[in-house]
Amino acid sequence: MNFTMNGSALRKYVGVALMMVVPVFAFSQHKPSAPAPKSAPAAHSSAPAKSSAPSHSSTPSKTSTPSRPATTSHTGTTTHTGTTTQSGGTTTHTGTTTHTGTTTRPTGATTTHTGTTTHTGTTTHAGGTTTHTGTTTHTGTTTHAATASHVAPGRTVALKGGGSASVRPNGQVRSINRNGMQVNNGLHGGRTVVSVHNGVRVVSTGGHGGYVQRAYVTRGGRSYYSRTYYYHGGYRTGVYVGYRWGGYNYYGYSHPFWFHAGFYGWAYNPWAAPVYWGWGWGGAPWYGYYGGYFAPYPVYPSAAFWLTDYLISANLQAAYAAQAEANAAAAGDAANNAPASDDQVASNGQGGAAPSGPVALSPEVKQAIADEVKAQLAAAQTQAAAQGGASGGAAAAPAAASDQAPPPALDPAQRIFIVASELDVVADGQECALTQGDVITRLTDTPDGDQKVSVSVSSAKKGDCASGKTVLVAVDDLQEMHNHFAEQLDNGMKEMASKQGTGGMPKAPDTGTVPSDVPPPAPDKSASQALADQDKAADQAVADAKGQAAGGGSQ
C-alpha cells in the first residue's frame, strides 16, 4: 500500500481530524458537580442581664432553636464553538461556560451566585511562525439578603366594643388601638397615647404632659400647625409645617426666629483657640448616673462641638427625669398594694432582645452628631442671609410649592438621629428600648408598607438595645427626633448667645434675631383638659385589655 501523500492532502486530513477532536475535548472539560449541602445552624441560648434606671431591674432570658430548611436551585449553561479555516492556516476555538445558582431559605435569606468563564484561543501558522493567544475571564457575583424578624413577640387580643390589644409574652399589655386612640406602654415604664379627632392631634406622654396640635395658617402654599405643650402646669407653643408624603401626614419644626447670618458663621467656623469650658454638672444626679456613657469634650475647637455636648446632655437629663417619674409611679402603686401598671414596669423580663452592657458614646458617634450640627448651622446661615432683606424685618418662611414633599427625616443627607423619647423596637425577634440620648443611624430612604425604615443602633445606654442592632423605626418617630434636634439647637444657640464673651468663650458678632413671618400662636388653654381626658380614656382601655387578656381572649 502506498502511504505517500503530498502536502495538500496532509493539511486536509489534519484539518478534518481537528474538527472532530476539539469539540470532544472541550465537552469533556465541563463536568457539573452537585453542591455540598449546607447544615442547619446549631441552636443557641442566651440569658442577658438587664439593668436600667435606679430602683428598676429585670433579667430577661432567651432560648431559640431555629430550623432552616433550604431549597437550592442551580442552572448551568455550556456553549462550545469550534471553527477551523484552512485558508491562511488559522484555527479558532471559543468556549463559554455560565453557571447560575440560587439558594433560597424560607427564613427570608436569599443567596445568588453567578459565574461566567470565557476561554478564547487562537493559533496562526504563517511562514513557520506559531502564535498562541489565550484569554480567560472569570466573573462572579454573590448577593446576600437577609431579613430578621421585626415582629414583636406575644399575641393580639380582640377587645369588646372594637379595637385590639397587643399583649407581651409575660401578659403585660404592649399597645392598644381603640376608637382612633393608640396607646403604647414602654419597656422602661413610659406611656404614649396618640389620638386624632376632627383634625386635632392629641399626644400625651405618661403623667408629665404632652401637646395638642391644630391647623393654624397657610403661607406660600404650605400648611402650618400650632402645638400647645403642657407640662406640670406650664404652657409653651410652637409652629410646625405639614408634609404629605406617601399618603401620610408628617409635621416638621418651623423656626420661630433666625439669628443674624454672622452668628451662625461664628458658630460654624473654628474658634481662634480651643476653649476650656466648665458645665457645672459635677453634682447633678443625671450626670453621675450616665457618667459611664457620656463625657463632655475636654476642649472645644468650635461652637459646633459645644452645641453637640449641649444637645446630648439635654437629652440625658430628660431620660433621667422620665425614668424617675416612672419609678415614682411604680412606687406609688406598690404603696397602695396595687399591681404596677404596664407603663410603670419594664416588661421584657420574658425574653428581651439582648440589652447593651457597659457602653460609652464613641468619638466617632459624637463626631457624626457634630457634623449634623454643622450641617444645620450652615443651612440656617444660608436661610438667615436670604431673609436679611425681608420686609418689616420678619424672616419669610421657606418657599415651597405645596405640602407634597418628603419630610426632613427622609432627606438622604440626614442620617444621624438622637432619640428624643422612649421608643420600643424589635431586634432579632425580641423587644428592646431606645430612650433619650441613644443615637441611631437611618439605613434606608424608602419606607415600607408600615411607613417604617431600617436604622442601626449607633450608641445606646446600658439596658437599652445593643449597639449594632438593626431595627425598624416609624418615619413619624424619626421626624419627631429631627424636630427635637432642631428645637434644641435653637435653644443651644440662645444659651451660647447669652454666654459668649464669658468663661473663656470668644465674643460673638451680632447675636440679634429676626422673627419668622409665621407668628407664634397663643397657648391653647384647653390642652391640659384634653390631655387629662385622654389619659383617663387610656387608663380605662388598659384596664379593659388586661381583663380580657387574662381571660384568654385572642385572635
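So in the range 417-434, with the set limited to residues that are in contact with an Asp or Glu (Cβ under 8 Å, 6 or more places away or on another chain) and in a loop (DSSP other than H, G, I, E, B), which one is modelled with the highest pLDDT? Selected residue: 419.
Given the criteria in contact with a strand residue (DSSP E or B) (Cβ under 7 Å, 6 or more places away or on another chain) and more than 22 Å from residue 550 (Cα to Cα), does residue 174 qualify?
No: the conditions fail for residue 174.
Give me the pairs: first residue in the range 231-259 and over 18 Å from residue 490 (Cβ atoms), second residue among the β-branched types (Val, Ile, Thr) and not in a strand (DSSP E or B), beta-carbon distance under 9 Å, and six or more apart or on different chains, which are they? Going by the 9 Å Cβ cut-off, the qualifying pairs are 245/475; 246/446; 246/475; 248/475; 250/475.
Take the residues in the range 191-203 that are under 22 Å from residue 432 (Cα atoms) and in contact with a helix residue (DSSP H, G or I) (Cβ under 6 Å, 6 or more places away or on another chain); name whichever of them is modelled with the highest pLDDT. Give the derivation first.
First pass over the range 191-203, keeping only residues under 22 Å from residue 432 (Cα atoms): 191-194.
With in contact with a helix residue (DSSP H, G or I) (Cβ under 6 Å, 6 or more places away or on another chain) added as a condition, the list becomes 191, 193.
Numbers: 191: 92, 193: 96.
Applying the filter and picking the extreme gives 193.
Looking at residue 313, is it surrounded by 14 or more Cβ atoms within 10 Å (Cβ to Cβ) and within 21 Å of residue 436 (Cβ to Cβ)? Yes; evaluated as a whole, the condition is true for this residue.
Sort out for me the strands (runs of 3 or more DSSP E) sitting completely within the range 435-508 that have 3 or more residues that are surrounded by fewer than 21 Cβ atoms within 10 Å (Cβ to Cβ).
Details: elements: 439-442, 452-459, 470-474.
Here the list reads 452-459, 470-474.
Sub-7 Å Cβ pairs linking a first residue in the range 444-473 that is at positive phi to a second residue that is among the hydrophobic types (A, V, I, L, M, F, W, C), at least 6 apart or interchain, are 451/474; 451/475; 468/457, ordered by first then second residue.
Among the candidates 539, 510, the residue that is under 32 Å from the mean Cα position of the chain (by Cα), in the same structural domain as residue 417 (by TED's automatic domain parsing), of a type in the set (D, E, K, R) and at pLDDT below 95 is uniquely 539. Quick check on residue 414: is it at pLDDT below 55 and either surrounded by fewer than 13 Cβ atoms within 10 Å (Cβ to Cβ) or assigned by TED's automatic domain parsing to the domain that holds residue 302 (or both)? Judged against the criteria, residue 414 is not a match. In the set (1) assigned to a loop (DSSP other than H, G, I, E, B); (2) without any contact (Cβ under 8 Å) to a residue 40 or more places away in the chain; (3) of a type in the set (A, V, I, L, M), the condition left unmet by residue 543 is number (1).
The values are calculated or read from the model by the stated rules, or taken from the named source; none is laboratory data. All of these numbers come straight from a predicted model, not from anything done at the bench. No Cβ is skipped: glycine too gets one built from the backbone with ideal geometry, and neighbour counts run over all protein chains shown.
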